[in-house]
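Worksheet: one structure, shown below.
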Amino acid sequence: MKTKELFFCAAIGVNASQVDELTKYAETQIRGDRSSSKIQMNIETPNWSRTLEITSDVEGKDFALSTIDSPAKEKGTRTLRIKNNMWNYFPKLKKKISVSSSMLLSSWMGSDFTNDDILKASSMNEDYTHSFGADIVKDGNDYKMIEHKARENSKVMWPKIVALTSKQDCLPREYHYYDKKNNLKRILTFSEIKTFDGHLFPTKWTMMPQNDHKKMTTIIYKDVKFNVSFKKDHFTQKNLTDY
Amino acid sequence: MKIFVIVILLSSSALAQVKGSLSGNVEMQGRQVNNSDEAKNEFAQDWDKEEFYLYQGNLNGKLEFKDSKIQSNLFVRHAKSDLLKKKEPIPYLAPGIYSFPKKMVSRDVFKLVHTDTGRSSETEYIITNLSYEWNYDNRFAMGRLNINYGLGEIFNPLNPFNQPTGLTTLNQVSQGADGFNTTFFVNDKHTLNFYILGDKTQDGYDGQIQKTLWIHGEYEFTEKLQFDYVAGEDQNRHKLGSQIKYNFDSSMMFVQVLYQTDFTDDKPSHPLWDAMIGYDQQLNSKWHLRFEGGYQKMNRYMTESSFSERFLPAEYFIAIANQYEIHPLIKITGTVFTDVKDGFTYILNRNTFSIANNIEADIFGSIPMVKSSSNDNPAQKIITTDIGISLRAFF
């Protein structure tokens, strides 16, 4: 259900009063139609840490290809998603395996992000309904709370996500993920906003699981290219196995 | 002078387009193995408890040009144990299981294998991959190839060129096969592979290379339903098979069937057929479940020395493999395998610890809980009880 409210957001002007428009704007900024990113992922706990580098290519909601660039142990491991079909490719063994779409739920390489987060299988705009919540001031900044609830027919991992959206640039600064029992399970924060190809983009994403406050995973976007012209066969099994 | 400069410029431009890379891994593994009464009494395996050490590694090389690449892999394996000492008339059979797959080149024409045998050790230097690949609209490859397809992890009869390693403690292992492969990407839904392979190792080379002519196709009926088919002649048998995979919303199910005729020459044989059903589901973010069950027709003409040709020491089997991530750096895998006909039951546990970005360790154990009293499947009798540790590094 659409909720209209006077809510000024300079970036999209009058459309900011429509929660659907606001959600669509934020997703378009962050996700774009076609993007290619160089990502560094840091998994941190008090006792150990781990760093991975990834290239992530995404086209719309249906196509994604990720390639691990380091460390050596996983280098070259690729994951292709076409709609709900997923394949992993291990170039050293020349092995392509079809994996269950339920693997979208699993942790990505031991991090606090899931395959779904990395392969961008779900879309906030398409898979959720949206409604405005309270106005919030945090650290001197004004935010609007937006509640996203999973649509009945959507196959998403999180039934409810509460976003804290900046009134200044209309981009989310926090996502709070809730499970079916309405328990808060993890918080994703966005910071260090930069501009890439005309898109405002948070380059630092920090995921904090709520069942283990000593652990967190940070993603740093080193480079993001939007409106990339991928080759016709980029999101195909032929390209997946050409590494 | 001008010509010389042009040649230099062209050469440097061509070289700039060439990318090369080296990578690999090394592994040390030690295990204590305990023999069973059945192996002692029925197969003259006269030992109780031994130690077995395995050092192995891969060195991968890759040179990429514009549309083509040359790839290679050198696999080195050094095994050390008193069980490797020569013994007549029946050799010690257990090492064949610990270093499974023993035969690293499944269809061998070019030798590219060197073995040094010591008094109680064995070192193998094997090129498991040396291939040229040309990627145009389709793909052509020749040389020593790694052929990997099929969803089975414990039993994967659809692919006779690479044995599944789900029940072993080894990973990063892939068998080679000599020949040619052309892959046609017919359309978004259909991929067709043609293989022409050779083999001169089946029963010793007698001047006649056995040919393999093989088709493997993948066809996607719908987003959820995929069909694989294989057909051809391989190791003097005609073979025909298929795999059907169905994706449910949160799981995957697959079925494989492979039929093999008797030998095309006059050697004594009978037809073989294998079937399996598999199920795979990520139950939550930490727990992964796999089920495989099936039937493998026993080969009445199989000898002790050919145990490894058909790996599973069972006729009717059910296997359940659970993998649980108790910590981002620790994964526990437990596999229970049982032959529902004769009761043979085997348990394998493997705990993998990520020690650093490129180093991991395994602690593993395997126990044959029940062995059949019948002699229908003699391979069961030689399986030992093991506990071991391995350390693996990648570069």
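Just so you know, all these numbers are worked out from the coordinates, no wet-lab data involved. Remember, it's a predicted structure, so these values are computed and weren't measured experimentally. So basically every Cβ, Gly included, is an ideal-geometry build from the backbone, and we count neighbours across all protein chains shown.
May I ask you to work out the translational diffusion coefficient for the protein assembly as shown at 10 °C, viscosity 1.306 mPa s, via Stokes-Einstein with Rh from the Kirkwood sum over Cα pairs, reported in whole µm²/s?
Values: Rh = 27.1 Å.
Rounded to a whole number, D works out at 59 µm²/s.
Given the rule -39500 (n - 2.57) for each run of at least 4 DSSP H residues, summed and divided by the residues of the protein assembly as shown, what is its mean residue ellipticity at 222 nm, to the nearest 500 deg cm²/dmol? Please list the in-between numbers first.
Working: 7 runs with 52 residues, N = 638.
Rounded to the nearest 500, the figure is -2000 deg cm²/dmol.
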Taking every pair of Cα atoms in chain A, average 1/r, invert it to obtain the Kirkwood radius, and report Rg/Rh to two decimals. 0.96
Selected from A:123, A:227, A:36, residue furthest toward positive end of dipole (the range A:13-240; charges at beta carbon): A:36
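May I ask for the percentage of alpha-carbon pairs in the range B:261-388 that lie more than 19 Å from each other?
Everything past 19 Å amounts to 60 percent.
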Compute the angle between helix B:2-16 and the longest alpha-carbon principal axis of chain B, please, reported from 0 to 90 degrees and rounded to the nearest 10. 30
How much FRET efficiency would the formula 1/(1 + (r/R0)^6) give for residue B:102 and residue B:192, where r is the Cβ-Cβ distance and R0 is 30 Å, rounded to 0.05? 0.40
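Would you mind ranking B:191, A:129, A:195 so that the residue whose beta carbon has the fewest other beta carbons within 10 Å leads the list?
Neighbour counts put them in this order, fewest first: A:195, A:129, B:191.
Which of rounded, prolate, oblate describes the range A:27-115, given a ≥ b ≥ c as roots of the alpha-carbon gyration tensor eigenvalues and a/c under 1.5 marking rounded, otherwise prolate only if a/b is larger than b/c?
Details: a/c = 1.56, a/b = 1.16, b/c = 1.34.
It is oblate, given that a/c is not under 1.5 and a/b is not larger than b/c.
Under the 0.36 nm per residue contour assumption, what length would be gained going from the current alpha-carbon distance of residue B:221 and residue B:66 to full extension? Write out the running numbers ahead of the final one.
Working: separation 155, 0.36 × 155 = 55.80 nm, distance 3.35 nm.
Separation in residues times 0.36 nm, less the Cα-Cα distance, equals 52.5 nm.
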Just need log10 I(q)/I(0) for the range B:133-213 at q = 0.14 Å⁻¹, Debye formula, equal scatterers on the alpha-carbon atoms, no solvent, rounded to two decimals. -0.60
With angles folded into 0 to 90 degrees, how steeply does helix A:19-31 sit against the dominant principal axis of chain A? Use alpha carbons for both and round to 10. 30
Output ³J(HN,Hα) for the range B:185-190: one whole-Hz value per residue in order, computed from phi by the Karplus curve 6.51 cos²θ - 1.76 cosθ + 1.60 with θ = phi - 60°, and x for Gly and Pro. 8, 4, 7, 4, 9, 10
Net charge of Cβ neighbours under 12 Å - reference residue A:184; Lys, Arg +1; Asp, Glu -1: +2
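What FRET efficiency do you get for residue B:116 and residue A:135 if R0 is 56 Å and r is their Cβ-Cβ distance, rounded to the nearest 0.05?
Values: r = 77 Å, r/R0 = 1.37.
So, using R0 = 56 Å, E works out to roughly 0.15.
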Hey, got a sec? Which chymotrypsin sites (Phe, Trp or Tyr not before Pro) in the range B:27-89 land in a DSSP loop and have at most 15 other Cβ atoms within 10 Å? B:65
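Kirkwood Rh over alpha-carbon pairs of the range A:112-167, then Stokes-Einstein at 10 °C and 1.306 mPa s: what D in µm² s⁻¹, rounded to an integer? Let's see the in-between values first.
On the way: Rh = 12.5 Å.
Once the numbers are plugged in, D ends up at 128 µm²/s.
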For A:100, B:373, A:56, what ranking results if the residue with the fewest other Cβ atoms within 10 Å of its Cβ goes first? B:373, A:56, A:100
GluC sites (Glu not before Pro), restricted to the range A:121-178: which are DSSP loop and have at most 15 other Cβ atoms within 10 Å? A:152
Each label sits 7 Å from Cα toward the beta-carbon; between residue B:385 and residue B:17 the label points are separated, in nm, by 6.3
Answer check: the range A:90-202, Cα atoms, Kirkwood Rh, Rg/Rh ratio of 1.03
Compute the distance in nm between two label points, each set 7 Å from the Cα along the Cα-to-Cβ direction, one at residue B:251 and one at residue A:183. 2.4
Projected label distance in nm at residue B:341 and residue A:20, using a 7 Å step from Cα toward the beta-carbon: 6.2
On the formula 1/(1 + (r/R0)^6), with r taken between the Cβ atoms of residue B:140 and residue B:273 and R0 of 41 Å, the FRET efficiency rounded to 0.05 is 0.80
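So if I take the alpha carbon set of the range B:174-251, get Rg, then get Rh from the Kirkwood formula, what is the Rg over Rh ratio? Please list the in-between numbers first.
Details: Rg = 15.8 Å, Rh = 14.4 Å.
Reported Rg/Rh (Cα atoms, Kirkwood Rh): 1.10.
Taking every pair of alpha-carbon atoms in chain B, give the share separated by more than 29 Å as a whole percent.
Details: 38757 of 77815 pairs.
Cα-Cα pairs in chain B separated by more than 29 Å: 50 percent.
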